[in-house]
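The values are calculated or read from the model by the stated rules, or taken from the named source; none is laboratory data. Small disclaimer: the values here were computed from a predicted structure and weren't measured. Cβ coordinates were reconstructed from backbone atoms using ideal geometry, including for glycine residues, and neighbour counts include every protein chain displayed. Quick note on the areas: whole protein, heavy atoms, side chains included, nothing else; ligands and nucleic acids left out. Shrake-Rupley method; radii C 1.70, N 1.55, O 1.52, S 1.80 Å.
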Amino acid sequence: MNRRDMLLKAIQAGVLLSLPKPMQFFANEKKDAVLTEMVGNALRFPPVFTNGGTMTLANSTVQVWPSQNTSAIAINGSYPAPSVVIEKGQQFTANFINNINEPTTIHWHGVSVPEIMDGHPKDAVVPGGSKTYTFPVISRGGTYFYHSHGDMVTAKEVYKGFAGFFIIKDPAENFNLPAGEYDVPLCIQDRRTADIPEFTYSPGTNEMTYGYLGNTVLVNGTPDAYFEVKKTLYRFRLLNGSNARVYKIAFSDSRAFHIIGTDGGLKDAPVSATTFTLSPGERVEILADFSGDTIGSNVRLVSTAFTHSGTLPYKQGIALDIIRFDVTATGSSGGVVPAAFNPITYYDIGAITNTRTFTLTMGASHPMHKINGLTFDMNRIDWEVPQYALEEWKIINNTADFHPMHSHGLQWQLYSRNNNTNLPPSDKGWKDTIILAPTETVRVLVRFTDYKGIYLFHCHNLEHEDDGMMLNFKVIDPIGIQQIGTSVPSEFKLHQNYPNPFNPSTKIKFDIPKAGNAELKIFDISGREVAVLLSGTMQPGTYEADWNASKLSSGTYFARFAAGNTVKTIKLILAK
Ligand code: C2O
Ligand code: CU
Ligand code: CU
């Protein structure tokens with residue numbers, strides 16, 4: 001969907017109607033057809049943010065339920081917050097003004113940004129203060145979002161409206177997917193009918209334990225939402241923007257659809273499915289086909305019931321309606337379900353250099369949700385990860401609750417759930433948020449390539465996060481790569497390694513004349529990648545990489561250095 005289309009949709013959606021809207025007569029119907037009452041509210045779309053513009057956070061009055069006012073914490077007066085729609089490769093800039101009475105930040109969830117732009121609570125903007133968030137958009141095309149990350153106020157601020165879409169379009173990914181009015185973002189959030197029209201946020205012990213759950217769903221801030229569709233293929237970008245609610249997404253008639261994207265953009269291929277789990281912070285993109293539906297019929301997107309502890313009415317696992325799709329006309333999006341997208345290179349577990357274990361626990365009566373026995377300390381760095389190293393993070397859930405675990409600073413790959421590597425399609429691909437069911441253990445493969453610095457690892461149940469289930473880690477200099485010169489070289493250069501032949505380690509020197517992406521990988525004679533020494537943004541300079549091949553057997557290897565449009569290769573001889 002381009003900017004104009006989104007604006008157009010926002011205008012078409014207009015304000016909510018206070019009365020049910022009568023269904024329009026269809027071209028092929030007779031004038032004496034029965035007039036059907038449309039119950040609900042037409043799906044709304046947040047306004048599109050103009051890149052370079054201002055995001056002012058303020059206590060605002062918004063309209064959510066027809067003819068009623070809701071007090072929100074909103075950006076530019078809009079709930080949900082304005083949608084960012086930007087192309088990969090552009091520089092994103094937003095001038096953030098904090099006009100509420102507590103320090104807070106904006107975090108760009110899933111998007112690779114430098115440490116100081118990441119919205120860490122240590123970098124909070126004081127009341128009345130401002131900050132320019134600006135970064136190059138280097139992440140994959142996909143559906144991301146932004147939200148509050150203020151210290152211990154994230155849950156409240158998100159519940160009161162401080163969250164919006166951050167959609168990255170990659171013009172290089174052209175697969176004839178449904179576009180324009182057929183590419184529809186759906187932000188799913190639960191709220192409480194007893195509090196209508198307010199977003200009352202007052203968690204007690206029970207809510208701090210299970211999360212602040214509602215019993216009704218808003219989609220893009222629309223209660224009882226319906227969306228009129230044509231008999232054709234649609235792309236839906238689902239974002240779970242709820243504090244704590246886990247949805248088991250399905251259509252009311254159990255129809256199949258295609259899962260095409262995960263948190264970090266398109267999968268390697270569409271996969272047919274009838275349901276998937278969407279936990280707080282997660283995004284899943286689907287293609288749904290209405291071409292076989294009858295005009296005048298409808299089908300709902302729902303969350304199906306599942307068993308979980310907690311107390312009614314605000315319990316995890318209750319059945320919920322999400323949105324109704326009313327089939328109102330013929331038409332064609334021209335979109336197709338492609339056979340495949342771009343391949344994803346799945347990490348090789350043989351290349352793991354380090355395994356870390358994270359155990360999730362929860363206090364018996366009053367919660368303090370912990371990771372490895374620790375609660376969040378803004379000024380404590382809990383571990384360091386060398387850039388480019390492939391690590392395995394083993395997360396063990398020792399509680400009876402769900403924990404959607406999320407890391408800043410990268411997209412990771414899920415390897416297994418309870419040692420089962422046969423993963424559902426919504427788990428396979430690039431992910432930044434992964435749900436752990438009660439007592440479940442997951443293994444996640446992690447490689448930080450883009451930036452060094454302090455980032456967060458936390459539960460995206462926002463009550464758990466604010467309750468302490470969050471740690472700091474720091475991405476540090478890569479193992480074995482050192483900057484050995486500061487003067488700026490005149491061209492990209494890959495020097496012959498020394499010693500050569502070698503056993504078991506050798507040094508590879510290279511020159512980077514200007515900042516940009518660089519990659520240094522080692523391949524064996526059959527072309528198999530055996531090591532990644534470098535992959536990410538580099539500053540100009542002369543570097544030396546130390547490569548230790550003690551685990552490999554004698555033979556010829558190739559070091560391949562790529563930067564900008566330049567690719568250079570040298571031959572390495574390992575002689576044991
Ligand atoms: Cu969406 Cu640190 O979170
Ligand atoms: Cu995040
Ligand atoms: Cu949790």
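Does residue 244 satisfy the condition of being surrounded by fewer than 22 Cβ atoms within 10 Å (Cβ to Cβ) and at pLDDT 95 or above? Talk me through it step by step, then tell me what you get.
Values: surrounded by fewer than 22 Cβ atoms within 10 Å (Cβ to Cβ): no; at pLDDT 95 or above: yes.
When the stated conditions are applied, residue 244 does not pass them.
If we keep just the residues of region 106-122 that are within 14 Å of ligand 2 (Cβ to nearest atom) and in a helix (DSSP H, G or I), which is least open to solvent (accessible area, probe 1.4 Å)?
In this case the residue turns out to be 121.
Please go through region 309-327 and pick out each residue that is in contact (Cβ under 8 Å) with a residue 12 or more places away in the chain, open to solvent by 20 Å² or more (accessible area, probe 1.4 Å) and not aromatic (Phe, Trp, Tyr). Spell out the reasoning first.
At the first step, the residues of region 309-327 found to be in contact (Cβ under 8 Å) with a residue 12 or more places away in the chain are 309-311, 313-327.
Subset that is open to solvent by 20 Å² or more (accessible area, probe 1.4 Å): 309-311, 313-315, 318-319, 321, 324.
Listed by number, the residues that qualify are 309, 310, 311, 313, 315, 318, 319, 321, 324.
Are any residues in region 191-227 open to solvent by 40 Å² or more (accessible area, probe 1.4 Å), free of Cβ contacts under 8 Å to residues at least 40 places away in the same chain and assigned to a loop (DSSP other than H, G, I, E, B), and if so, which ones?
Listed by number, the residues that qualify are 200, 202.
Every residue, every condition in (1) within 30 Å of residue 343 (Cβ to Cβ); (2) touching a strand residue (DSSP E or B) at 6+ places or on another chain (Cβ under 8 Å), yes or no:
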position: 138; (1), (2): yes, yes
position: 150; (1), (2): no, yes
position: 178; (1), (2): yes, yes
position: 182; (1), (2): yes, yes
position: 206; (1), (2): no, no
position: 230; (1), (2): no, yes
position: 238; (1), (2): yes, yes
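Could you run through region 284-298 and say how many residues are part of a strand (DSSP E or B) and either closer than 19 Å to residue 339 by Cα or open to solvent by less than 40 Å² (accessible area, probe 1.4 Å) (or both)?
Narrowing region 284-298 to residues part of a strand (DSSP E or B): 284-289, 298.
Right, trim to either closer than 19 Å to residue 339 by Cα or open to solvent by less than 40 Å² (accessible area, probe 1.4 Å) (or both) and you get 284-289.
Looking only at that region, the number is 6.
Go through (1) closer than 22 Å to residue 401 by Cα; (2) touching an Asp or Glu at 6+ places or on another chain (Cβ under 9 Å); (3) not charged (D, E, K, R) one by one and return the number of the condition residue 266 breaks.
(1)
Within region 543-561, can you find the residues that are in contact (Cβ under 8 Å) with a residue 40 or more places away in the chain and open to solvent by less than 20 Å² (accessible area, probe 1.4 Å)?
Of everything in region 543-561, those that are in contact (Cβ under 8 Å) with a residue 40 or more places away in the chain and open to solvent by less than 20 Å² (accessible area, probe 1.4 Å) turn out to be 543, 545, 547, 549, 559, 561.
Within region 411-442, which residues are under 22 Å from residue 372 (Cβ atoms), open to solvent by 10 Å² or more (accessible area, probe 1.4 Å) and not β-branched (Val, Ile, Thr)?
Those that are under 22 Å from residue 372 (Cβ atoms), open to solvent by 10 Å² or more (accessible area, probe 1.4 Å) and not β-branched (Val, Ile, Thr): 414, 415, 417, 418, 419, 437, 438, 440.
Here are some residues: 394, 370. Which one is of a type in the set (Lys, Arg), open to solvent by 60 Å² or more (accessible area, probe 1.4 Å) and within 16 Å of ligand 3 (Cβ to nearest atom)? I'd like the intermediate steps shown before the answer.
Values: 394 fails: within 16 Å of ligand 3 (Cβ to nearest atom).
The unique qualifying residue is 370.
Of all strands (runs of 3 or more DSSP E) completely enclosed by region 352-429, which ones contain at least 3 residues that are within 16 Å of ligand 1 (Cβ to nearest atom)? Spell out how you get there, then give the answer.
Numbers: elements: 354-362, 369-371, 383-386, 391-397, 403-407, 413-417.
It comes to 403-407.
Got at least one residue in region 180-190 being in a loop (DSSP other than H, G, I, E, B), open to solvent by less than 40 Å² (accessible area, probe 1.4 Å), at pLDDT 95 or above and not aliphatic (A, V, I, L, M)?
Of all residues in region 180-190, those in a loop (DSSP other than H, G, I, E, B) come to none.
Looking through region 180-190, none of the residues is in a loop (DSSP other than H, G, I, E, B), open to solvent by less than 40 Å² (accessible area, probe 1.4 Å), at pLDDT 95 or above and not aliphatic (A, V, I, L, M).
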